[in-house]
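Engineer: My structure is below; once you've seen it, I'll send some questions.
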Amino acid sequence: MNIVVLVKLVPDTESKLKLSNGAIDYSGINYIVNPYDEYAVEEAIKLVEQHGGTSTAVLIGNPREGKLLLNILAMGIDQVYIVDDPAVEGSDPLAVAKIIQKVIEGKPFDLVLAGKESVDYNWGMTAVALAELLNIPHTSLAINIEVSNNQVKVKKASDEGIETFEMYLPCLITCEKGLNEPRLPKLMGIMKAKKKPQTVLSLTEISIDPQTVGSHVSDIRIAQVAMPKEKPAGRIIDAENTLEKVCLLVNALREEARVI
Amino acid sequence: MSKILIVVEQIDGNLKNISHELVNAANLISGEINSFIYQTNSTEAAGKLFGVDKNFVFTFSSDRYSFEPLAIVNVLSELQQKQKYDVILFGHTANGRDIASRFAAHVGVSIITDVVDIIKDNGRIVFEKPLYAGKVVSKMYFNDSVSPHIITIRPNIFTGAIHSKVGSVEQLQSNDSLPNLFRGLEPKPAGKVDLREAQIIIAGGRGIGSPEGFNLLHDFAANVPNCAVGASRAVVDSGWIEHSNQVGQTGKVVNPSLYIACGISGAIQHLAGMMTSKCIVAINNNPDTPIFKIADYGIIGDLFEIVPLLKSELLKKLG
């Protein structure tokens, strides 16, 4: 089976962000593969190992340091398509979904896998929008995926519990933490990775007019970004013994904070 | 005057909290409010929704519990064609974000997700949305060409009771064949409160010491009303507790009235997920741990001694 995996690069979750001139200052920030996309990458490799076929990753945006994509190739992804075009910067989620649609147009696929959202803007729209554009069913928040013949069974971590769905291929699935444990590349994989194809595409090469994407035509405008309000320092509750400390705390929660 | 649609969620005829919060959020925009209610076998839920002018209830032909994004998107699109809503609000929940994204792509617009505040600014509606799980907050609005405006609202933010009229009810039908075949639900254990809807969260980190250590927190949550157990990434990655309990940038973003952090050091990606809690209590035996810098109240000491006492003293107050 042929699997397409959507991959995004995001600032490391350990990084502290700062602003400069009213915008997020990304200088000196370390980038990582979006953690939820790593589950999609691992699942794609696993499914290809089980059922044969190929796995293709698609990245829209700056590939940053080459080692990030080399790493997913070393894990076992077969090839990567990158749309690295400055015009893409600031595109809204639907525009990104349309770019991905163009990248995979004409390439046969059975399954599209993606993270449930990216941990930068926490949007969570792009993958599901792509399913709509491709007119294929989707299930999100997968914590288990089983493929047999032309059907796929997905366990979804919903708000009510774990729901099970079956879909016919082709379809799209978004991945939740808990789906799998992404592997570390082995030496052999690292050696092979450098020889695997990485195709860089411009917007015009996939028949998209650069004027129709990017921040100037985005559906969504950012009026302001700011740091969250600083929380004033609280106080340490001290007393003779633990019971007294707890009683003082409970009183403060009722009388001062009024949360109980 | 805007024409507003809220997409309501219910289970077995009972409205989820998010449904009332959607009405509150819609009231910040002001206009005629309609609701779209799905996954029900009856129109019972509509009778429990206050402050809405008209309810459209989409009943499935089968008695399946779960939802079918494609069928809902189709019915919703027909409704939009007739009613031409200006603003459509969904909950930022497992199902809400799914249908919102799919429906928006269907009508050809992008959405603003996980909205925590709605502000009117010189005739423009501005939405506050945290980025990077709250490390940064943004204010966003829709480009003039965008219609309808579709947003998802974060649960547990637009709270408050509404006491007003119940709207009229109209049923919607669909004969779509459904491409997602629902095969069943393993419900959460009875009485378990959703992390994002909990009023009180008691969360554990490395300081809990072992998987068994979480029994203390589970016991606390089982006894204190409307309380759920949270966890740091470190303990989830170590397999001490399920990922569904994780709070932080790669877990859930929560905002309870009271967040009790037990044995949690306060890594930046954890803080991002719980900083908007109304009140944060930290319990830790290390006085230098960073969590004390952001906690409203701190107790330095042994959590295994403190938590049981806190449970009994809280229960006395809650009586």
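The values are calculated or read from the model by the stated rules, or taken from the named source; none is laboratory data. Not measured: the values here are computed from a predicted model. When we count neighbours, we look across all protein chains shown, and the Cβ atoms used for this are built from the backbone with ideal geometry, even at glycine.
Engineer: Testing B:Q81 on (1) modelled with pLDDT of 95 or more; (2) under 25 Å from B:V193 (Cβ atoms); (3) more than 20 Å from the chain's Cα centre (by Cα), one condition comes back false. Which one is that?
Structural biologist: It fails just one condition, (2).
Here is a yes/no grid of residues against (1) of a type in the set (A, V, I, L, M, F, W, C); (2) buried (at least 17 other Cβ atoms within 10 Å of the Cβ); (3) part of a helix (DSSP H, G or I):
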position	(1), (2), (3)
A:T199	no, no, no
A:H216	no, no, yes
A:Q224	no, no, no
A:A233	yes, no, no
A:E240	no, no, no
A:V250	yes, yes, yes
A:L253	yes, yes, yes
A:A257	yes, yes, no
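Engineer: Only one of (1) closer than 30 Å to A:L17 by Cα; (2) within 33 Å of the chain's Cα centre (by Cα) fails for A:L169. Which number is that?
Structural biologist: A:L169 satisfies every listed condition except (1).
Engineer: Taking the condition of being within 13 Å of B:G91 (Cα to Cα) and either among the β-branched types (V, I, T) or over 21 Å from the mean Cα position of the chain (by Cα) (or both), how many residues in region B:13-59 meet it?
Structural biologist: Going through region B:13-59 one residue at a time, the tally reaches 3.
Engineer: Among the listed residues B:E170, B:E197, B:E212, which satisfies the condition of being in contact (Cβ under 8 Å) with a residue 60 or more places away in the chain and closer than 30 Å to B:T289 by Cβ?
Structural biologist: Step by step, each of B:E170, B:E197, B:E212 is checked, and only B:E197 is in contact (Cβ under 8 Å) with a residue 60 or more places away in the chain and closer than 30 Å to B:T289 by Cβ.
Engineer: Can you give me the number of residues within region B:240-252 that are without any contact (Cβ under 8 Å) to a residue 60 or more places away in the chain and buried (at least 24 other Cβ atoms within 10 Å of the Cβ)?
Structural biologist: Residues that pass the stated criteria total 3.
Engineer: Out of (1) modelled with pLDDT under 95; (2) surrounded by 15 or more Cβ atoms within 10 Å (Cβ to Cβ); (3) more than 10 Å from every other protein chain (Cβ to nearest Cβ), what's the single condition that is false for B:A133?
Structural biologist: Just one mismatch for B:A133, condition (3).
Engineer: Kindly check whether there is at least one residue in region B:28-38 that is part of a helix (DSSP H, G or I) and not charged (D, E, K, R).
Structural biologist: yes
Engineer: I've got another one for you. Considering only region A:199-243, state which residues are among the basic types (K, R) and within 7 Å of chain B (Cβ to nearest Cβ).
Structural biologist: Result: A:R221, A:K231, A:R235.
Engineer: Oh, and also: Go through the residues of region A:164-187 one by one and say whether even a single one is within 30 Å of B:L181 (Cβ to Cβ) and surrounded by fewer than 12 Cβ atoms within 10 Å (Cβ to Cβ).
Structural biologist: Yes, region A:164-187 contains a residue that is within 30 Å of B:L181 (Cβ to Cβ) and surrounded by fewer than 12 Cβ atoms within 10 Å (Cβ to Cβ).
Engineer: Evaluate region B:280-290: report whether one residue or more is under 12 Å from B:G204 (Cα atoms) and either within 18 Å of the chain's Cα centre (by Cα) or surrounded by fewer than 24 Cβ atoms within 10 Å (Cβ to Cβ) (or both).
Structural biologist: Within region B:280-290, none of the residues are under 12 Å from B:G204 (Cα atoms) and either within 18 Å of the chain's Cα centre (by Cα) or surrounded by fewer than 24 Cβ atoms within 10 Å (Cβ to Cβ) (or both).
Engineer: Taking B:D98 and the conditions (1) facing chain A (nearest Cβ under 9 Å); (2) within 28 Å of B:S257 (Cα to Cα); (3) in a strand (DSSP E or B), which numbered condition does it fall short on, given that it satisfies the others?
Structural biologist: Condition not satisfied by B:D98: (3).
Engineer: While we're looking at this one, here's another question. In region B:253-268, what count of residues is obtained for those that are within 28 Å of A:P182 (Cα to Cα) and surrounded by fewer than 22 Cβ atoms within 10 Å (Cβ to Cβ)?
Structural biologist: Total satisfying the criteria: 4.
Engineer: Give the residues of region B:142-187 that are facing another protein chain (nearest Cβ under 9 Å), within 25 Å of B:V73 (Cβ to Cβ) and either touching a Pro at 6+ places or on another chain (Cβ under 7 Å) or not in a loop (DSSP other than H, G, I, E, B) (or both), sorted by residue number.
Structural biologist: Result: B:F142, B:T152, B:P179, B:N180, B:L181, B:F182, B:R183, B:G184, B:L185.
Engineer: Among the numbered criteria (1) within 7 Å of another protein chain (Cβ to nearest Cβ); (2) more than 20 Å from the chain's Cα centre (by Cα); (3) aliphatic (A, V, I, L, M), which single criterion is violated by A:A157?
Structural biologist: (2)
Engineer: Would you pick out the residues in region A:177-197 that are under 21 Å from the mean Cα position of the chain (by Cα) and either among the acidic types (D, E) or assigned to a helix (DSSP H, G or I) (or both)?
Structural biologist: A:E181
Engineer: Can you go through B:I111, B:I118, B:I150 and tell me which one is within 25 Å of B:S277 (Cα to Cα) and in contact (Cβ under 8 Å) with a residue 40 or more places away in the chain?
Structural biologist: Among B:I111, B:I118, B:I150, only B:I118 is within 25 Å of B:S277 (Cα to Cα) and in contact (Cβ under 8 Å) with a residue 40 or more places away in the chain.
Engineer: Quick one: would you say A:K177 is away from chain B (no Cβ under 11 Å), of a type in the set (D, E, K, R) and within 19 Å of A:I45 (Cα to Cα)?
Structural biologist: The answer is no for A:K177.
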